[in-house]
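The block underneath contains the structure these notes are about, expressed in structure tokens.
All of the numbers you see were taken from the coordinates with simple rules; none came from a lab. Quick caveat: nothing in here was measured; it's all calculated off a predicted structure. Here the Cβ is made from the backbone with ideal geometry for all residues, glycine too, and neighbour counts use every protein chain on show.
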Amino acid sequence: MVGTGWLYVPRVIMDFREGGTSLVCTRTPKEIGGQDLYSTWTYREIVPMKRIEYLHNLADKDGNKIDPASIGIPADFPQDPRNTVPSRLWATTGRK
């Protein structure tokens, strides 16, 4: 389990390739319900050492896209937003 101190990620199923989809489970703290929230990241473009581009969507535990309103999130929550992570944001490990 990894986390930020507020949200924890107890489960990730990775299919990290162009056209692949990863399923990510984030868990809220017990103090606010301890709810598991699922999302998918569908990789559109992976350019090694340059960028990763993916579409993000809310999902059920099986990875099926869901309507945000069905879990109490405002209906205008973005669906299919494109995200780009440039290499300058990647953590460095010191490996070459």
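In percent, rounded to a whole number, the relative contact order of the chain is 18, using alpha-carbon pairs under 8 Å and six or more apart. Dipole of the chain computed with +1 at Lys/Arg Cβ and -1 at Asp/Glu Cβ about the Cα centre; of N57, G33, L7, farthest Cα towards the positive end is L7.
Our estimate of slack between I66 and D36, defined as 0.36 nm per intervening residue step minus the Cα-Cα distance, is 9.4 nm. Taking N as the residue count of the chain, its C-alpha radius of gyration divided by 2.2 N^0.38 Å amounts to 1.18. Fully extending the segment from I73 to M14 would add 18.7 nm, taking 0.36 nm per residue of separation and subtracting the current Cα-Cα distance. Going from the residue with the fewest nearby Cβ atoms within 10 Å to the one with the most, S70, S39 rank S70, S39.
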